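J.: To start, I am sharing the structure in question, which I have written as structure tokens.
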Amino acid sequence: MTDRRTACLVGFLSFLLAAGTIHLTSDGRDIATVWPANAVVLAALLDRRPGAWTGLLGAGYLAGVAANAVTRGLGAGPLLFGACNLLELSVAASLLRPALEGEGPSGRGPSTRGPSGDDLLVTPAIVGRFIVVCGLIAPVLSGLGGAATARLLFGQDLETAFLTWVLSDGLGLLIFTPFFFALLRGDYRRCFASKDWRQRAEAVGLQVLVAAATYGAFFVAVRPLLFALFGPVMLVTFRVGRLGTKAAVMVIAVIGTLATLRGQGPIAAVTPDPHEQAALFQGFLAVLLLTCLPVAAALSARGARFASLSQSAEALRARGAELARIAATDGLTGVLNRAAFREAALAAMRDPRAVPSLVAIDLDLFKQVNDRHGHLAGDRALVHLVSVLRAGLREADTIGRVGGDEFLVLLPGTDADQAQVVAARLREALRRAPLTLDDGTALLLSMSCGVAPHRPGMTFEDLVHAADMALYGAKRAGRDARARQEHAAQRPARRPRRAALSGRA
């Protein structure tokens with residue numbers, strides 16, 4: 001909604017409330033004992049940047065002047081009362097706005113619209129500031145001018161006029177500002193839209209419960225039972241939150257006002273004076289609201305801390321998982337390192353339903369690649385080899401880099417003959433996929449493979465040793481070959497160049 005439309009809406013609501021309360025609670029000369037009109041304007045001010053306050057303050061001033069002129073007649077009184085209301089609103093908004101300002105939705109700076117939270121009274125500290133500013137400072141300052149105007153123009157007792165002004169304006173701001181703030185921001189619409197049908201039914205049902213309890217306390221009960229309303233409202237506070245609390249207080253305000261104007265209910269039973277009735281009823285509403293709202297604010301703050309802790313825990317879990325992945329992964333090729341591959345192989349070897357085979361792979365003449373084309377080309381050759389292996393293997397198969405150009409491939413549920421077929425397919429795939437270097441050179445790569453099936457009683461080191469021996473046989477056969485280790489239990493002496501294979505970490 002644009003600032004101009006908001007100002008028009010606020011001015012219209014303020015005029016209706018001001019004219020209605022003056023008509024119902026004033027004889028046209030004294031100060032109205034109920035004044036919710038300023039709450040509408042203050043709620044709009046707190047939801048807008050200070051640069052947009054001029055139009056809202058002007059709309060509020062004109063609404064107050066028009067309401068006073070309609071109910072009291074033309075003269076200096078409406079203008080002076082309007083000026084006092086303008087002072088009250090300016091003071092309250094200026095003192096509350098700094099406490100409400102925070103990071104905007106993007107988290108990159110102050111919001112240009114309103115408070116960053118989803119409510120006016122989002123923390124106990126702001127609740128306390130709101131009570132002091134709206135219940136004391138702002139109405140006292142404006143009350144000095146309002147009482148003086150009532151004394152000079154209408155002959156009212158100065159002390160009585162001052163107390164009436166402070167009570168009516170202060171209680172009006174305390175009771176109605178939170179509700180209108182949420183209403184003008186669209187918080188109720190968003191809250192209702194975010195709930196599922198069960199939550200909506202619960203929220204509506206709780207408000208119906210509050211209405212029924214209020215009707216019983218004001219229209220049915222023969223004894224004063226105002227205390228009985230705290231239970232339903234507190235239940236709404238715990239189940240629905242701050243928005244539900246403010247709506248519940250408005251329900252009580254409407255039903256209680258209707259009963260009191262008809263001379264029914266506990267407020268009317270205490271005193272027949274309409275001014276005292278208004279003050280007592282507003283005081284009760286203020287106590288009810290300001291008793292429940294700090295509880296709601298504390299619950300909200302606790303919920304926010306819990307959500308923050310949950311997010312932190314989730315971030316830590318994600319970070320831990322990432323660190324574990326990094327610790328288990330070869331940084332160049334992205335396959336498992338030796339330690340992680342060993343854990344995966346041990347798990348597969350313990351599964352009797354899918355006996356694995358192991359393929360040891362060595363990139364042929366890898367040193368010549370490094371010597372002729374540089375280590376960067378050698379790194380690219382290793383990455384290229386891994387991409388070829390991944391393309392030719394199943395998702396259940398596992399690749400590990402255990403040395404410079406030495407890789408192990410675990411094939412679960414694969415016997416020696418099947419593993420030989422897989423190794424041959426991988427060798428052929430690499431041979432048909434030359435690596436193109438940056439200078440356009442097509443690098444033909446080949447690899448030798450050694451296959452060893454897992455046999456009962458074999459350890460991981462035994463299985464690796466068997467695959468190594470088969471690989472050495474393939475190398476002796478002239479490279480770009482595959483060989484199969486038939487008798488893994490017999491460990492022939494290892495060649496010195498490969499001595500570090502079973503002991504590498």
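Just so you know, all these numbers are worked out from the coordinates, no wet-lab data involved. Everything quoted here is computed from the prediction, not taken from an experiment. So basically every Cβ, Gly included, is an ideal-geometry build from the backbone, and we count neighbours across all protein chains shown.
J.: Kindly write out, for segment 196-207 in residue order, the coupling ³J(HN,Hα) from the Karplus curve 6.51 cos²θ - 1.76 cosθ + 1.60 (θ = phi - 60°), rounded to whole Hz, with x marking Gly and Pro.
T.: Values, residue by residue: 7, 5, 5, 5, 5, 4, 5, 4, 5, x, 5, 5 Hz.
J.: What percent do you get for the relative contact order of the chain when only Cα pairs under 8 Å and 6+ apart count?
T.: Averaging sequence separation for qualifying contacts and normalising by length gives 10 percent for the chain.
J.: Treat every Asp and Glu Cβ in segment 357-411 as -1 and every Lys and Arg Cβ as +1, leave all other atoms uncharged, and give the resulting dipole magnitude about the Cα centre to the nearest 20 debye.
T.: Using Cβ point charges on Lys, Arg, Asp and Glu, segment 357-411 gives about 120 debye.
J.: Please list the three semi-axes, largest first and in whole Å, of the ellipsoid equivalent to the chain, using sqrt of 5 times the eigenvalues of its alpha carbon gyration tensor.
T.: The three semi-axes for the chain are 85, 26, 16 Å.
J.: Continuing with this model, one more query. Would you work out the charge dipole size for the chain about its Cα centre, treating the Cβ of every Lys and Arg as +1 and the Cβ of every Asp and Glu as -1, and quote it to the nearest 20 debye?
T.: In total the dipole reaches around 1620 debye.
J.: With each run of n ≥ 4 DSSP H residues scored as -39500 (n - 2.57), what mean residue ellipticity at 222 nm is computed for the chain after dividing by its residue count and rounding to the nearest 500 deg cm²/dmol?
T.: Result for the chain: -21500 deg cm²/dmol, rounded to the nearest 500.
J.: Could you work out how far helix 158-185 tilts from the main Cα principal axis of the chain, as a 0 to 90 degree angle to the nearest 10?
T.: So the inclination is approximately 30 degrees.
J.: Shifting gears a bit: Angle check, please: helix 338-349 long axis (alpha carbons) against the longest principal axis of the chain (alpha carbons), in degrees 0 to 90, nearest 10.
T.: The angle comes out near 80 degrees.
J.: Further question on the same structure: Any idea which of 272, 160, 178 is furthest toward the positive side of the dipole for segment 131-284, if Lys and Arg beta-carbons carry +1 and Asp and Glu beta-carbons -1?
T.: Among 272, 160, 178, the one farthest towards the positive end of the dipole of segment 131-284 is 178.
J.: With unit charges on the beta carbons (Lys and Arg positive, Asp and Glu negative) and the dipole taken about the Cα centre of segment 226-328, which residue among 297, 315, 282 sits farthest to the positive side?
T.: Result: 315, furthest along the dipole toward the positive end.
J.: What is segment 283-387's relative contact order, in percent, from Cα pairs under 8 angstrom and six or more apart in sequence? Could you put the intermediate results ahead of the total?
T.: On the way: 28 pairs, mean separation 17.0, N = 105.
Relative contact order comes out at 16 percent.
J.: Under the rule of at least 5 residues apart or a separate chain, name every residue whose amide H is placed under 5 Å from the amide H of residue 329.
T.: 337
J.: Please state the charge dipole magnitude for segment 346-444, taken about the Cα centre, from unit charges on C-beta atoms (+1 on K and R, -1 on D and E), reported in debye and rounded to the nearest 20.
T.: Around 180 debye, computed over segment 346-444.
J.: In a shell of Cβ-Cβ distance under 14 Å around residue 33, excluding residue 33 itself, what net charge do Lys and Arg (+1) and Asp and Glu (-1) give?
T.: My count for the surroundings of residue 33 gives -4.
J.: Where a ≥ b ≥ c are the square roots of the eigenvalues of the C-alpha gyration tensor, would you call segment 162-298 rounded, which needs a/c under 1.5, or, failing that, prolate if a/b is larger than b/c, or oblate?
T.: Because a/c hits 1.5 or more and a/b fails to exceed b/c, segment 162-298 counts as oblate.
J.: Enumerate the calculated ³J(HN,Hα) couplings along segment 296-303 in order (Karplus 6.51 cos²θ - 1.76 cosθ + 1.60, θ = phi - 60°), each rounded to whole Hz, writing x wherever the residue is Gly or Pro.
T.: Those phi angles translate into 4, 5, 5, 5, 5, 5, 5, x Hz.
J.: Let me make sure I get this right: for segment 394-483, a, b and c are the square roots of the gyration tensor eigenvalues over alpha carbons, sorted descending. Under 1.5 in a/c it's rounded, otherwise prolate if a/b > b/c, else oblate. Which is it?
T.: Details: a/c = 2.02, a/b = 1.82, b/c = 1.11.
Prolate shape, in that a/c is at least 1.5 and a/b is the bigger ratio.
J.: Going by alpha carbons, how many degrees (0 to 90, nearest 10) lie between the helix axis of 3-25 and the longest principal axis of the chain?
T.: Result, in degrees: 40.
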